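*Asks:* I have a structure here, written as structure tokens, and I will follow up with some questions on it.
The values are calculated or read from the model by the stated rules, or taken from the named source; none is laboratory data. Values in this document were obtained by computation on a predicted structure and should not be read as measured data. Using ideal geometry, Cβ is built from the backbone for each residue, glycine included, and neighbour counts are taken over all protein chains shown.
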Amino acid sequence: LPETGVVARQLWRSSGLAPADIDVGILYDHFTPFVLMQLEEFGFCGPGEGGAFVAADALPLNTHGGQLGEAYLHGMNGIAEAVRQIRGTSVNQVAGAARSLVTAGTGVPTSGLILGADG
């Protein structure tokens, strides 16, 4: 997913943040393998390591149930869940969540944003 890698590099560069600064990942999940690919492209793990990263429960992912659990709204539900995590009002609240990464789309167009309690 080279376009996702472009978005990831731009997002980390413009925010001054890195994968280790993220508390919750809300990743576009129209097809399950794309979650693993996004984890790799965003630098949470190396190429081919997405499955092991998820199995290790290293980062809370799609705490709203993803598109299967809520609806297929092309990322809008992910933004809403990220806001709930930051506010501390999510049904599946991650303790101490201060920053959420949200992605939408995995082709063209694709997007990513970081929402945080610190602005």
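*Asks:* In this structure, is A52 at pLDDT 95 or above and touching a Cys at 6+ places or on another chain (Cβ under 8 Å)?
*Replies:* When the stated conditions are applied, A52 passes them.
*Asks:* Can I ask one more? Select from region 46-65 the residues that are assigned to a loop (DSSP other than H, G, I, E, B), out of contact with any Gly (no Cβ under 8 Å at 6 or more places or on another chain) and under 21 Å from A104 (Cβ atoms) and list them in ascending order. Reasoning before the result, please.
*Replies:* Initially, region 46-65 is screened for residues assigned to a loop (DSSP other than H, G, I, E, B), giving 46-49, 56-60, 62-65.
Adding the requirement that they be out of contact with any Gly (no Cβ under 8 Å at 6 or more places or on another chain) leaves 46-49, 56-58, 63, 65.
Hits for region 46-65 are T63, G65.
*Asks:* Would you call D57 modelled with pLDDT of 90 or more, charged (D, E, K, R) and surrounded by fewer than 18 Cβ atoms within 10 Å (Cβ to Cβ)? Before you say what the answer is, go through the steps one by one.
*Replies:* Numbers: modelled with pLDDT of 90 or more: yes; charged (D, E, K, R): yes; surrounded by fewer than 18 Cβ atoms within 10 Å (Cβ to Cβ): yes.
Yes, satisfied.
*Asks:* Moving to a separate point now. What is the number of the single condition among (1) surrounded by 14 or more Cβ atoms within 10 Å (Cβ to Cβ); (2) farther than 21 Å from A97 by Cα; (3) at pLDDT 95 or above that F34 does not meet?
*Replies:* In the conditions (1) surrounded by 14 or more Cβ atoms within 10 Å (Cβ to Cβ); (2) farther than 21 Å from A97 by Cα; (3) at pLDDT 95 or above, F34 misses (3) alone.
*Asks:* Between T32, T103, which is of a type in the set (V, I, T), in contact with a helix residue (DSSP H, G or I) (Cβ under 8 Å, 6 or more places away or on another chain) and either touching a residue at least 24 places away in the same chain (Cβ under 8 Å) or under 21 Å from T4 (Cβ atoms) (or both)?
*Replies:* Working: T32 fails: in contact with a helix residue (DSSP H, G or I) (Cβ under 8 Å, 6 or more places away or on another chain).
Residue meeting the stated conditions: T103.
*Asks:* Evaluate region 5-16: report whether one residue or more is under 13 Å from the mean Cα position of the chain (by Cα), assigned to a loop (DSSP other than H, G, I, E, B) and buried (at least 16 other Cβ atoms within 10 Å of the Cβ).
*Replies:* Within region 5-16, not a single residue is under 13 Å from the mean Cα position of the chain (by Cα), assigned to a loop (DSSP other than H, G, I, E, B) and buried (at least 16 other Cβ atoms within 10 Å of the Cβ).
*Asks:* Still on this model: Mind listing whichever residues of region 106-119 are within 21 Å of G5 (Cα to Cα), free of Cβ contacts under 8 Å to residues at least 60 places away in the same chain and either of a type in the set (D, E, K, R) or surrounded by fewer than 14 Cβ atoms within 10 Å (Cβ to Cβ) (or both)? Walk me through it before giving the result.
*Replies:* First, pick out the residues of region 106-119 that are within 21 Å of G5 (Cα to Cα): 106-115.
If we keep only those that are free of Cβ contacts under 8 Å to residues at least 60 places away in the same chain as well, we get 109, 115.
Correct list: P109 only.
*Asks:* What pairs can you find where one residue is in region 45-61 and under 19 Å from S90 (Cα atoms), the other is part of a loop (DSSP other than H, G, I, E, B), and their Cβ atoms are less than 6 Å apart, with a gap of 6+ or different chains?
*Replies:* Close Cβ pairs (under 6 Å, with a partner that is part of a loop (DSSP other than H, G, I, E, B)) amount to P60/V94.
*Asks:* Of the residues A80, A95, only one is free of Cβ contacts under 8 Å to residues at least 24 places away in the same chain and assigned to a loop (DSSP other than H, G, I, E, B); which?
*Replies:* On the way: A80 fails: assigned to a loop (DSSP other than H, G, I, E, B).
Step by step, each of A80, A95 is checked, and only A95 is free of Cβ contacts under 8 Å to residues at least 24 places away in the same chain and assigned to a loop (DSSP other than H, G, I, E, B).
*Asks:* Which count do you get for residues in region 65-98 that are surrounded by 19 or more Cβ atoms within 10 Å (Cβ to Cβ), under 22 Å from G50 (Cβ atoms) and at pLDDT 95 or above?
*Replies:* Here the count works out to 4.
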